[in-house]
Amino acid sequence: MKENIFETIKKLDNNGSEYWSSRELAKVLEYLDYRKFLNVIDKAKIACENSGEVIHNHFVHKDEMVKI
């Protein structure tokens, strides 16, 4: 059985909670321009807030260095 691509890029924090890197998600979802994917993240944050959730419980900013 082929493993789900989202499972292969999943990360675990020190508490064992799952999370995904937005840069890796953008690549998997075939966004050629990461800046356009940031618009998707912004819309997801709005949807999160509209559903009564606290944004920072689901979205954490982490600086990632890009390989040049």
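From the set of residues in the range 11-35 that are part of a loop (DSSP other than H, G, I, E, B) and either of a type in the set (Asp, Glu) or in contact with a His (Cβ under 8 Å, 6 or more places away or on another chain) (or both), which is nearest to residue 58 (Cα to Cα)?
Selected residue: 13.
Looking across the range 46-68 at every residue that is in a helix (DSSP H, G or I) and modelled with pLDDT under 95, the one that is surrounded by the fewest Cβ atoms within 10 Å (Cβ to Cβ) is identified as 57. Residues in the range 9-41 that are exposed (fewer than 10 other Cβ atoms within 10 Å of the Cβ) and not basic (Lys, Arg): 12, 13, 14, 15, 16, 17, 30, 32, 33.
The values are calculated or read from the model by the stated rules, or taken from the named source; none is laboratory data. Remember, predicted model here, so these are calculated numbers, not experimental data. Cβ: placed from backbone, ideal geometry, glycine included. Neighbour counts: every protein chain shown.
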